[in-house]
Amino acid sequence: MTIAKRILGNTGREVTILGLGGEGVLRTFGRDKEAYDLVNRALDLGITYCESARAYSGSEAYYGKALKERRKDIFLASKSHARDKRGALAHLHETLANMRTDHLDLWQVHDVREEAEIAEIFGPRGAIEAFIEAKQQGKTRFIGVTGHHDPSIIRICLERFSFDTVLMPVNPAEPSYKSFQSDVLPLAREKNMGIIGMKVYFRGFATKLPWYTGMEPFLRFALSQPVTNVVIGCDDIAQLEENIRLARAFAPMSDGEQRKFVGDTAPFARQLMYYKP
């Protein structure tokens, strides 16, 4: 059984509904063999969307060592958290060198949280100038934005610039607390953006719920929303294979199931979205 694919908004590119995130074992240093094996196992099992970030420890370099001739088979994404043009271009240079590629498929403005950041990103010599220049030069095909802190901030970003994609939290706690699904997703759909889900398992803290019985309903819930795909970081190959098994078996939740899941999760929403162990 293969992993289903969906079109990533107006990029026109088809990607698997499950993407390999740049966290988990990939957000480390010195675990080259584990990372190499994980990336190649993901590709062997059919994943076509892989993502990282300049902020994710050795993640980009792990991809560079693992992908080699397989680079052409995947949609490769990374991110820059720099807010000025010079810093973002420096990040891009490092990212391309680390990933051993001459271009990204998607380069994303990473984790925008505050209005002051918006002013810097979109101001004179702001980071967005670097993203535009990179696209013009063919160093990235598409431009995205990511955030998980404040939906109103990401909505402003979408209003300020024609991003190709948005990466945002998608889980059953999210609708009950600072909801990206209410405040950002409708605008992203209106703009025909690629919508990528993250924090599907609340960074692994779904297990803290008193009625937790497994990850399957959380992935089903996320993929039942109007998203293109979701990205999940994995600690090891066993986790990866379990996520792929669930993605292959995905069947949408009914509206009633979704409402119940959101209602059951609501009392724990704030804790789960910003859990501190």
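The values are calculated or read from the model by the stated rules, or taken from the named source; none is laboratory data. Everything numeric here is computed off the predicted structure, so don't read it as measured data. Methodologically, a virtual Cβ is constructed for each residue, glycine included, from the backbone with ideal geometry; neighbour enumeration extends over all protein chains shown.
Couple of notes before you dig in:
- Residue selected from the stretch 120-173 under the condition in a loop (DSSP other than H, G, I, E, B) and charged (D, E, K, R), by the criterion farthest from F205 (Cα to Cα): R125
The rows are residues; the columns are (1) small (G, A, S); (2) surrounded by fewer than 23 Cβ atoms within 10 Å (Cβ to Cβ).
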site: L26; (1), (2): no, no
site: E34; (1), (2): no, yes
site: V39; (1), (2): no, no
site: A55; (1), (2): yes, yes
site: E60; (1), (2): no, no
site: G64; (1), (2): yes, yes
site: E69; (1), (2): no, yes
site: K72; (1), (2): no, yes
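- Cβ-Cβ under 9 Å pairs, at least 6 apart or on other chains, the stretch 47-66 side farther than 15 Å from T101 by Cβ and free of Cβ contacts under 8 Å to residues at least 40 places away in the same chain, far side of a type outside the set (S, T, Y) and in a helix (DSSP H, G or I): G58/D32; G58/A35; G58/N98
- Hits in the stretch 123-169 (condition: closer than 21 Å to K72 by Cβ and of a type in the set (D, E, K, R)): K135, K139, R141, D164
- Across the stretch 212-232, the qualifying residues are those that are buried (at least 18 other Cβ atoms within 10 Å of the Cβ) and among the small types (G, A, S), and the one among them that is farthest from the chain's Cα centre (by Cα) is S224.
- Taking the stretch 73-96 as the range and being of a type in the set (A, V, I, L, M, F, W, C), over 23 Å from T11 (Cα atoms) and either in a helix (DSSP H, G or I) or in contact with a Pro (Cβ under 7 Å, 6 or more places away or on another chain) (or both) as the test, only A90 passes.
- When V200 is tested against (1) in contact (Cβ under 8 Å) with a residue 24 or more places away in the chain; (2) not in a loop (DSSP other than H, G, I, E, B), only condition (2) is not met.
- Scoring R141 on the criteria (1) in contact with a Pro (Cβ under 8 Å, 6 or more places away or on another chain); (2) modelled with pLDDT of 95 or more; (3) not acidic (D, E) leaves a single failure, condition (1).
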